[in-house]
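Heads up: the structure comes next, in structure tokens.
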Amino acid sequence: MEEPSFHPVKDDLTRWRGMILGTGVYDKGVFYIEIEVKRTYPFEPPTVFFKTPIWHPNIGENGRVCVGILGKDWRPSITLVGVIETIRNLLNFPNPKDPLNREAAQQMNTNLQSFIKKARMYVEKYATWDQKIS
């Protein structure tokens, strides 16, 4: 399967589901993501959720993603491909200074090895090819 791979959910062009492969600490992980595109797109950013649980400072327990281009840094010229690439980069470069998951951010700042161990445990437990996503 080619990655990243995204498609509309039930032919609904406002909801896209797909997967990206993990990199960095999340290497070998398979992460399913859903993108909700508002009717006001491209003037407002889409909402991005990880359907696969992940231990990451910029991804909340509910899967919501916190990254500048999905908020204050949004520009109408940003494409969905650009959003997906930003999410992929977020796996390589977590930003503990702007967290949704404060516990993961604090752990990353104070005990990096413990953060890496927990992130890897999440990959092994939740982000393998055999995991089913609803």
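FYI, it's all coordinate maths here, none of it is from the lab. Quantities reported herein were computed from a predicted structural model and do not represent experimental measurements. Backbone-built Cβ (ideal geometry, glycine too); neighbour counts: all protein chains shown.
Relative contact order of the chain, taken over Cα pairs closer than 8 Å and 6 or more residues apart, is 24 percent. Leaving out same-chain residues fewer than 8 places away, which aspartates and glutamates sit with a Cα under 14 Å from that of residue 10? Within the straight-line limit of under 14 Å, residue 10 reaches these aspartates and glutamates: 34, 36.
Rounded to the nearest Hz, the phi-derived 3J(HN,Hα) couplings of the stretch 10-18 under the Karplus curve 6.51 cos²θ - 1.76 cosθ + 1.60 (θ = phi - 60°) are 6, 6, 8, 6, 9, 10, 10, 10, x, where x marks glycine and proline. FRET efficiency for the pair residue 79 and residue 5, taken as 1/(1 + (r/R0)^6) with r the Cβ-Cβ distance and R0 = 25 Å, rounds to 0.95.
Full extension of the chain segment joining residue 27 with residue 41 gains 1.9 nm, where the gain is 0.36 nm per residue of separation less the Cα-Cα distance. Can you spot the lysines whose alpha carbon is less than 23 Å from residue 72's alpha carbon? Ignore those fewer than 8 places along the same chain. The reachable lysines, counting only those whose Cα sits under 23 Å from residue 72, are 38, 97. In straight-distance terms, cross-link reach from residue 125 covers every one of the aspartates and glutamates whose alpha-carbon lies under 17 Å from its own, apart from those fewer than eight places away in the same chain; here that gives 27, 61.
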